[in-house]
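Q: Have a look at the structure that comes next, please.
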Amino acid sequence: MTEARDLLQRLAHAYGIQTSYRGHDGHEHRVSDHTLTTVLAALGCSVEPDGTAGLEAALERRRLAPWLRLLPHTTVSHAGSGSSVQVHVPHGSAVTIEALLETGETRPLEQLEDFTEPQDIDGELIGQATFRLPRDLPVGWHRLSALLEDGNEVEATLVVTPERLTTADPYRHQRGWGLSVQLYSARSSASWGLGDFGDLAALAVQTAAHGGDYVLSNPLHATAPEPPVISSPYSPSTRRFTNPMYLRIEDLAEYAALDPRARREVDGLAAARQADNVTAGSLDRNATTAAKLTALRRLHQVTPAPERARAYRDYREQEGQGLEDFALWCALRSAFDPTDPVWQDPEFTPGGRLAERYRQELAEDVDFHRWMQWLCDTQLATAQQVAREAGMRLGLMQDLAVGADRNNADAWMLQDQLVASMSVGAPPDMYNQRGQDWSQSPWHPERLAETGYRAYRDMLRSVLRNAGGIRVDHILGLFRLWWIPVGQSPTEGAYVTYDHEAMIGILALEAERAGAVVVGEDLGTFDPWVQDYLSHRGLLGTSILWFEQEDGRPRPPQDYRVQCLSSVNTHDLPPTAGYLAGTHLDLRERLDLVAGDPHTERDRAGAERQAFLQAVVEAGFLSADAVAPLTSTGSAGSTEPADPAVVADIVVALHRYLAQAPSLLHGIALVDAVGERRIQNQPGTQQHEYPNWEIPLADAAGRAVLIDNLDAVPGFARLLDAVHHELNSSAAPDRQPDHGMPTP
């Protein structure tokens with residue numbers, strides 16, 4: 001390795017950029033010098049990869065950067081740890097440090113004997129002093145104050161997080177289960193062509209009637225303020241606020257207050273959209289969004305009752321400037337095309353002269369979008385209350401996307417904390433062999449710390465407020481994210497690390513305060529210690545039946561993790577009936593998404609499926625005759641269409657088999673409970689290739705299924721009751737959590 005190459009790698013590591021990674025193939029892959037220098041530039045360090053002097057100077061600047069700050073921008077500590085803080089002052093100067101608690105109390109920090117050689121920075125000697133945080137500091141958001149002998153005072157953020165999240169502990173005594181649903185796809189006779197918050201509450205009641213503890217929905221984040229909208233709920237405009245498309249119009253107090261003429265107009269809009277509820281073809285998000293926006297603008301004209309006006313004011317005060325800026329973005333996005341050059345004007349950013357002028361000129365439209373967010377908040381709160389009153393221990397579980405679309409609200413509101421020149425994705429893996437680009441801007445690790453993680457905290461608070469749990473998609477992104485230079489292939493990326501102690505700690509703090517369970521989707525390429533770390537901090541991981549293998553054979557469910565939510569499938573795989581039939585193989589081959597030989601892939605998948613079915617037979621949940629139609633036909637990767645009744649038996653058996661796992665939570669996909677075969681999302685495809693996120697709920701015969709009639713669907717109650725019985729007839733996990741901290 002040349003000297004310049006060695007310096008470039010050292011500089012990359014100094015900025016948290018990993019210079020290689022171990023892929024799904026088990027091999028180590030080196031990141032190119034071009035990618036390293038591009039990512040370094042995005043982090044504010046522009047260098048020439050072969051310029052030795054420039055690389056050495058950049059390394060020295062990076063080393064000295066902490067010495068230029070009196071206090072760290074943000075200090076994150078575990079409760080009871082008594083961790084220390086390094087303070088940098090002119091050599092020989094006296095300084096006292098205090099913790100200013102969020103309660104208003106003040107606590108002094110003790111200075112430790114810890115001599116470190118001072119550094120000469122631009123002709124001035126800078127010394128370092130070490131102070132210890134009191135071990136009994138309460139969890140919460142505090143401040144550190146440094147008082148110098150000349151009277152100057154500097155403050156910075158101090159966050160004390162729980163050692164571990166305790167909200168999942170009750171499930172150690174009685175395991176829980178619930179349904180996962182793509183809410184937009186799960187309609188009732190009252191829906192406007194897409195599932196809504198009323199349907200979510202109704203589904204929670206039906207699930208609770210069979211003993212279920214939660215309903216996990218897709219992300220409910222906001223998208224574009226008007227059509228056309230992005231179909232994927234995992235590519236929102238912002239993660240902090242909610243999509244008004246999910247509002248149940250008829251449940252709003254303003255609907256009841258409409259005059260007869262306006263009521264007829266709104267009812268006409270509803271009738272036109274409700275006609276689509278019984279169709280099984282692609283969903284029409286744009287039509288539903290347009291109809292609901294028209295209706296909501298009518299409702300917005302209704303003078304609110306005093307108590308609703310007061311509640312709206314309280315909500316605005318609670319959400320603060322973030323809500324104001326999001327509502328302004330919505331109004332601006334409706335007024336200006338996304339390609340309009342005005343978006344590039346520095347004065348068109350939050351707080352800019354031009355943006356503030358439009359805040360006044362578009363005040364009514366700004367209020368409309370702000371008001372809709374309040375309506376979403378109230379209906380979600382009602383749905384959570386209904387779920388808990390129905391007997392659910394957890395209630396609603398919200399899904400948190402990895403990030404927001406690169407050209408939308410978060411990119412505008414948080415542009416000083418996001419990296420616009422980079423896109424988040426994933427390197428190639430077994431199921432996405434060309435890698436993935438999710439077209440989302442990543443957090444800038446250092447900007448997060450500089451701003452005290454406020455935007456991250458506020459987003460978590462909004463999502464957690466009306467939830468008993470949160471599923472964090474790709475939670476590995478709180479440790480490291482695959483950054484792809486915009487315009488490059490997903491294979492040309494690099495992992496950038498984050499301060500996971502801060503990211504996970506703040507998540508645990510906000511979840512503990514909200515009383516919410518946290519489930520991290522920890523699938524994919526990662527370092528083994530990550531799962532142990534999540535468990536130590538009290539977060540649950542994720543286990544998917546088909547992915548649980550050891551040396552090419554199914555891992556016995558009894559060996560699954562305790563701190564985990566286990567399910568047979570996930571939204572990026574077909575429903576179990578479709579997986580058994582190999583529909584994903586047909587689709588990936590048709591769309592040219594298989595990197596290797598398709599026949600080899602079919603043989604591999606067929607052998608894998610056969611191994612799992614054989615394990616279910618050996619466990620006593622199926623007879624060999626029952627699985628024969630799926631294990632003895634043609635090549636190992638292809639099958640003839642099976643009797644839906646036989647497939648339903650196998651689906652139930654797979655779920656009963658999985659229920660033997662000691663995992664604290666278990667999940668049933670609603671699509672499995674009704675016999676659906678179509679995949680909701682095929683990663684690596686565009687809408688013109690496959691109707692991702694536009695597949696309505698249907699049964700094995702392809703007929704639309706409505707929430708009203710779920711108990712009449714053959715197999716729905718049977719599957720739910722089977723899982724409930726298995727979880728309650730076998731012992732709860734007796735293994736205790738490992739509280740030893742894993743080592744990165």
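The values are calculated or read from the model by the stated rules, or taken from the named source; none is laboratory data. As the structure is a computational prediction, the values presented were derived from the model and not from experiment. Positions of Cβ are generated from backbone atoms using ideal geometry, with glycine treated the same way; all protein chains shown enter the neighbour counts. Just the protein is used for accessible areas: all its heavy atoms, side chains included, with ligands, DNA and RNA removed. Shrake-Rupley method; radii C 1.70, N 1.55, O 1.52, S 1.80 Å.
Residue by residue, here is whether (1) outside any helix (DSSP H, G or I); (2) open to solvent by 20 Å² or more (accessible area, probe 1.4 Å); (3) within 27 Å of G452 (Cα to Cα) holds:
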position	(1), (2), (3)
L8	no, no, no
Y21	yes, yes, no
A41	no, yes, yes
P49	yes, yes, no
A57	no, yes, no
R62	no, yes, yes
W67	no, yes, yes
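Q: Among the residues of the stretch 582-616, what is the count of those that are within 23 Å of Q686 (Cβ to Cβ), touching a residue at least 60 places away in the same chain (Cβ under 8 Å) and of a type in the set (A, V, I, L, M)?
A: Residues in the stretch 582-616 being within 23 Å of Q686 (Cβ to Cβ), touching a residue at least 60 places away in the same chain (Cβ under 8 Å) and of a type in the set (A, V, I, L, M): 5 in total.
Q: Filter the stretch 1-58 for residues that are charged (D, E, K, R) and either closer than 20 Å to E446 by Cβ or free of Cβ contacts under 8 Å to residues at least 24 places away in the same chain (or both) and give the result.
A: D6, R10, D25, E28, R30, E48, listed by residue number.
Q: Hey, another quick one. Only strands (runs of 3 or more DSSP E) wholly contained in the stretch 150-223 count here; list those with 2 or more residues that are touching a residue at least 24 places away in the same chain (Cβ under 8 Å) and open to solvent by 20 Å² or more (accessible area, probe 1.4 Å).
A: 153-161
Q: Name the residue that is modelled with the highest pLDDT, counting only residues in the stretch 500-526 that are in contact with a Pro (Cβ under 7 Å, 6 or more places away or on another chain) and surrounded by fewer than 22 Cβ atoms within 10 Å (Cβ to Cβ).
A: E512
Q: Related question: Given the structure, is N286 in a helix (DSSP H, G or I), under 20 Å from Y246 (Cα atoms) and touching a strand residue (DSSP E or B) at 6+ places or on another chain (Cβ under 6 Å)?
A: no
Q: Given the structure, is L539 within 17 Å of the chain's Cα centre (by Cα) and open to solvent by 10 Å² or more (accessible area, probe 1.4 Å)? Full working, then the answer.
A: Numbers: within 17 Å of the chain's Cα centre (by Cα): yes; open to solvent by 10 Å² or more (accessible area, probe 1.4 Å): no.
In short, no.
Q: Still on this model: Select from the stretch 575-590 the residues that are outside any helix (DSSP H, G or I) and surrounded by 23 or more Cβ atoms within 10 Å (Cβ to Cβ) and list them in ascending order. First the steps, then the outcome.
A: Taking the stretch 575-590 as the starting set, the residues that turn out to be outside any helix (DSSP H, G or I) are 575, 582.
Within the stretch 575-590, just P575 meets the criteria.
Q: Out of curiosity, is A305 touching a strand residue (DSSP E or B) at 6+ places or on another chain (Cβ under 6 Å) and open to solvent by less than 60 Å² (accessible area, probe 1.4 Å)?
A: Answer is no for this residue.
Q: Now for a separate question. Filter the stretch 116-129 down to residues that are without any contact (Cβ under 8 Å) to a residue 24 or more places away in the chain and surrounded by 10 or more Cβ atoms within 10 Å (Cβ to Cβ) and give me whichever is nearest to Q86 (Cα to Cα).
A: Initial filter on the stretch 116-129 (without any contact (Cβ under 8 Å) to a residue 24 or more places away in the chain): 116-117, 120, 122-123.
Filter once more, keeping what is surrounded by 10 or more Cβ atoms within 10 Å (Cβ to Cβ): 116, 120.
On the way: T116: 10, D120: 17 Å.
Across the stretch 116-129, the extreme among qualifying residues is T116.
Q: Looking only at the stretch 442-455, count how many residues are of a type outside the set (A, V, I, L, M) and assigned to a helix (DSSP H, G or I).
A: Result for the stretch 442-455: 5.
Q: Name every residue in the stretch 552-575 that is touching a Phe, Trp or Tyr at 6+ places or on another chain (Cβ under 9 Å) and modelled with pLDDT of 95 or more, in order of residue number.
A: P554, P557, S566, V568
Q: Specify which of the listed residues (V651, V627) is buried (at least 16 other Cβ atoms within 10 Å of the Cβ), modelled with pLDDT of 85 or more and in a helix (DSSP H, G or I). Lay out the reasoning, then the answer.
A: On the way: V627 fails: modelled with pLDDT of 85 or more.
Residue meeting the stated conditions: V651.
Q: Sticking with this structure for a sec: I'd like the full set of residues that are under 13 Å from V519 (Cα atoms) and part of a strand (DSSP E or B), limited to the stretch 456-483.
A: Answer for the stretch 456-483, where residues must be under 13 Å from V519 (Cα atoms) and part of a strand (DSSP E or B): G469, I470, R471, V472.
Q: Sticking with this structure for a sec: Would you please name the residue that is farthest from the chain's Cα centre (by Cα), looking only at residues in the stretch 74-106 that are crowded, with 16+ Cβ neighbours inside 10 Å and either assigned to a loop (DSSP other than H, G, I, E, B) or free of Cβ contacts under 8 Å to residues at least 12 places away in the same chain (or both)?
A: L101
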